[in-house]
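Enquirer: Have a look at this one.
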């Protein structure tokens with residue numbers, strides 16, 4: 001899995017039924033780029049696509065069961081990595097230091 005694919009998976013975890021165009025905008029990639037990534041994610045059976053009933057050119061994305069399980073694993077791994085960062089590293093990355101509620 002590439003970092004970009006992980007980004008799509010995590011975006012869909014937080015935005016169920018997202019439109020392809022909304023996902024591309026939020027992730028800062030071109031529509032064509034996201035479309036290629038989605039093809040791969042669908043082939044891997046991590047994402048499903050469905051057309052809007054009202055506007056047939058609109059495509060919605062959602063995580064499959066496999067994709068949802070994968071998103072949970074990614075989130076857990078991110079938490080593990082974040083827990084190992086030193087306070088200075090957290091500041092450098094613009095993250096709140098441990099114990100801070102800012």
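The values are calculated or read from the model by the stated rules, or taken from the named source; none is laboratory data. In this text the structure is predicted, and so the values were computed from the model without any measurement. Cβ coordinates were reconstructed from backbone atoms using ideal geometry, including for glycine residues, and neighbour counts include every protein chain displayed.
Enquirer: Going residue by residue through segment 1-10, is there one that turns out to be in contact (Cβ under 8 Å) with a residue 40 or more places away in the chain, in contact with a strand residue (DSSP E or B) (Cβ under 8 Å, 6 or more places away or on another chain), loosely packed, with under 12 Cβ neighbours inside 10 Å and within 21 Å of residue 73 (Cα to Cα)?
Expert: no
Enquirer: For the structure I just gave you, tell me whether residue 56 is modelled with pLDDT under 95, farther than 15 Å from residue 3 by Cα and surrounded by fewer than 12 Cβ atoms within 10 Å (Cβ to Cβ).
Expert: The answer is yes for residue 56.
Enquirer: Return the residue satisfying two criteria in turn: it lies in segment 11-26 and is under 12 Å from residue 38 (Cβ atoms) and either touching a residue at least 60 places away in the same chain (Cβ under 8 Å) or in contact with a helix residue (DSSP H, G or I) (Cβ under 8 Å, 6 or more places away or on another chain) (or both), and of such residues it is surrounded by the most Cβ atoms within 10 Å (Cβ to Cβ).
Expert: By that ranking, first place goes to 12.
Let's see how each residue does on (1) touching a helix residue (DSSP H, G or I) at 6+ places or on another chain (Cβ under 9 Å); (2) closer than 14 Å to residue 4 by Cα; (3) at pLDDT below 95:
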| position | (1), (2), (3) |
| --- | --- |
| 37 | yes, yes, no |
| 41 | yes, yes, no |
| 44 | yes, no, no |
| 60 | yes, no, yes |
| 69 | no, no, no |
| 83 | no, no, yes |
